[in-house]
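First up is the structure itself, then whatever we jot down about it.
The values are calculated or read from the model by the stated rules, or taken from the named source; none is laboratory data. Everything numeric in this text was worked out from a predicted model, so none of it was measured. For neighbour counting, all protein chains shown are included, and Cβ atoms are generated from backbone atoms with ideal geometry for every residue, glycine included.
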Amino acid sequence: KTSSFTCTIPLNLRRPVIMTDSLNVAVIGAGTSGLLTARELLRQNHRVTVFEKSDRLGGTWVYEPRFEADDVLHLDPNRSIVHSSLYSSLRTNLPRPLMGFSEYSLEDKSYGDPRMFPGHEEVRKLLQDFANEFGITEVIRFNSEVVRVDYTDGQFVVECRTTEVGSAEEVFDAVVICNGHHTEPRVADDVPGIKEWPRKQVHSHTYRVPEPYRDQVVVVIGNGPSAHDISREIATVAKEVHLSSRSSNVNVSRMDGYKNMWQHSTINRVYDDGMVEFQDGHSIEADIFLHCTGYKFHFPFLRINDIVHVDDNCVGPLYKHVFPPQLAPRLAFVGLTYNQGLLLRTFELQSKWVALALSGKISLPSEDKMLADVHKHYREMEKNGIPKRDTHSLGFKFEYVDWLADQVGLRIDDRLKEICRNLFEQWGFHPNDFRDVFQL
Ligand code: FAD
């Protein structure tokens, strides 16, 4: 096995070592972030309970054919929520060496799908093996949904609901939140007329297979990997697919290789007779709107909104996307960052940082300094014209992951960065078939 991290200076020579007792730590969620966090906490001899609301581990990577039936513009807050947003045909958008963790990636392991960008089931199996190998499965409480996290008298009260026992409260020294952020749909509700548009509107969260779109005229809003993958899949059965993105100012153009799919500019407005008018001057009559417009951070169980809250998809204040300064390191978030080639290595480093900080092996700056850093980050974003909703998007740069690695005394393998650069280039040149042309 090869490690994707290189050790730099031993931690205990770099920072003051203040050993603390083993803490009683709650981890919310048994997806990638929760499993990594549990492993690192166990390595530091903490007592770990992972709360998982479903009956399986793997989070996003557990494909769920069931989907929420709601009209996405008028979501019922009491609907039965389906966690995963995977569609049946989904392949990873990162190659095998980037899918996994140090010494544990899909480059080393294969479960029968030989492709460089495998189907989703390979990732779920990797996570299952990872959990078994590191003794994490034993500390997961399945079918246990955390419904409240409160902070009183220096401790966290975690209320959990199970089907057998109902609700029960427990007290913890620390809580790490790993509940994922690809479940609560974000929609393009600012398109003029869209709230009153009388026809069907769905979100990629509920997309599983193309069949329901057969013979339909579909407008797909979005410009991310899901928008492109799903549009192409739907085009195999739909009458017409019209892809529209805010960032596209081009005139309407037919997509290469398709007779029934067009790329448009942004939408001007929509009308209650089903008509959709694009800024490129074209109008069409559509049957369905499919919003591939991303997701919202959502922590319905958090009762400490004065300490950390979500504002326009910015979770804050958080020091380096992980620690709310007022409660650091006892409250932490792992897995909030996105738009990174080294996504999973970043989650791994975040989880190591949290575990080492909780053990007193790494000291964090003072609360004031952490807060000042957060505000500096916000000012820089504003100066560079980055909207608040993109606070946790890392824009495919390595500064943050390098910084994290440095905190925990590791260094990211240059080969992984090279693979990322190569991939970004291929995305640009071959947006439709980068998975098939990419070579290591
Ligand atoms: P999740 O995987 O969402 O896990 C969160 C867990 O928390 C779930 O098990 C959930 O049941 C549990 N939970 C939530 N709330 C509670 C609660 N209140 N109580 C108890 N348990 C709770 N990443 C890649 O690296 N490569 C890819 O190719 C890629 N493709 C993607 C494609 C799609 C369509 C999507 C949606 C995401 C993709 N991602 C990809 C990102 C992916 O989300 C991450 O790889 C990773 O799975 C995130 O892990 P997580 O643990 O942070 O969250």
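Miscellaneous remarks
- Within the stretch 225-259, the set of residues being surrounded by fewer than 19 Cβ atoms within 10 Å (Cβ to Cβ) and in contact with a helix residue (DSSP H, G or I) (Cβ under 7 Å, 6 or more places away or on another chain) comprises Val237 only.
- With respect to the stated conditions, Lys109 is over 18 Å from the mean Cα position of the chain (by Cα) and either in contact (Cβ under 8 Å) with a residue 40 or more places away in the chain or surrounded by fewer than 19 Cβ atoms within 10 Å (Cβ to Cβ) (or both).
- Exactly one residue out of His392, His375 is surrounded by 14 or more Cβ atoms within 10 Å (Cβ to Cβ) and closer than 23 Å to Pro325 by Cβ: that is His392.
- Conditions (1) within 19 Å of the chain's Cα centre (by Cα); (2) away from the ligand (no atom under 16 Å from the Cβ): number failed by Leu344: (2)
- Within the stretch 137-173, considering residues that are modelled with pLDDT of 95 or more and of a type in the set (Asp, Glu), the one nearest to the ligand (Cβ to nearest atom): Glu145
- Among the candidates Ser54, Ser4, residue that is of a type in the set (Ser, Thr, Tyr), within 16 Å of the ligand (Cβ to nearest atom) and modelled with pLDDT under 95: Ser4
- Check on Ser85, of a type in the set (S, T, N, Q), more than 7 Å from the ligand (Cβ to nearest atom) and on the phi < 0 side of the Ramachandran plot: no
- Residues that are farther than 30 Å from Gln326 by Cα and in contact (Cβ under 8 Å) with a residue 12 or more places away in the chain number at least 1 in the following strands (runs of 3 or more DSSP E) confined to the stretch 157-220: 200-203.
- Residues in the stretch 335-358 that are farther than 19 Å from Lys296 by Cα and not in a helix (DSSP H, G or I): Gly341, Leu342.
- Number of the exception - Lys125 against (1) assigned to a strand (DSSP E or B); (2) in contact (Cβ under 8 Å) with a residue 12 or more places away in the chain: (1)
- Search result, residues across the stretch 309-330 that are surrounded by fewer than 24 Cβ atoms within 10 Å (Cβ to Cβ) and either within 10 Å of the ligand (Cβ to nearest atom) or assigned to a strand (DSSP E or B) (or both): His309, Val310, Asp311, Cys314, Val315, Gly316, Tyr319
- There is no residue in the stretch 95-105 that is at pLDDT 95 or above, more than 28 Å from Phe434 (Cα to Cα) and either exposed (fewer than 14 other Cβ atoms within 10 Å of the Cβ) or within 13 Å of the ligand (Cβ to nearest atom) (or both).
- For the stretch 264-278, filtered to residues that are touching a strand residue (DSSP E or B) at 6+ places or on another chain (Cβ under 9 Å) and in contact (Cβ under 8 Å) with a residue 24 or more places away in the chain, the residue that is surrounded by the most Cβ atoms within 10 Å (Cβ to Cβ) is Val276.
- Enumerated helices (runs of 4 or more DSSP H) restricted to the stretch 370-439, each holding at least 2 residues that are closer than 27 Å to Met116 by Cβ and at pLDDT 95 or above: 399-407, 414-429
- In the set Phe134, Phe117, only one residue is of a type in the set (Phe, Trp, Tyr), within 14 Å of the ligand (Cβ to nearest atom) and at pLDDT 95 or above; that residue is Phe117.
- Options Pro118, Pro114: the member that is in contact (Cβ under 8 Å) with a residue 24 or more places away in the chain and either surrounded by 16 or more Cβ atoms within 10 Å (Cβ to Cβ) or not β-branched (Val, Ile, Thr) (or both): Pro118
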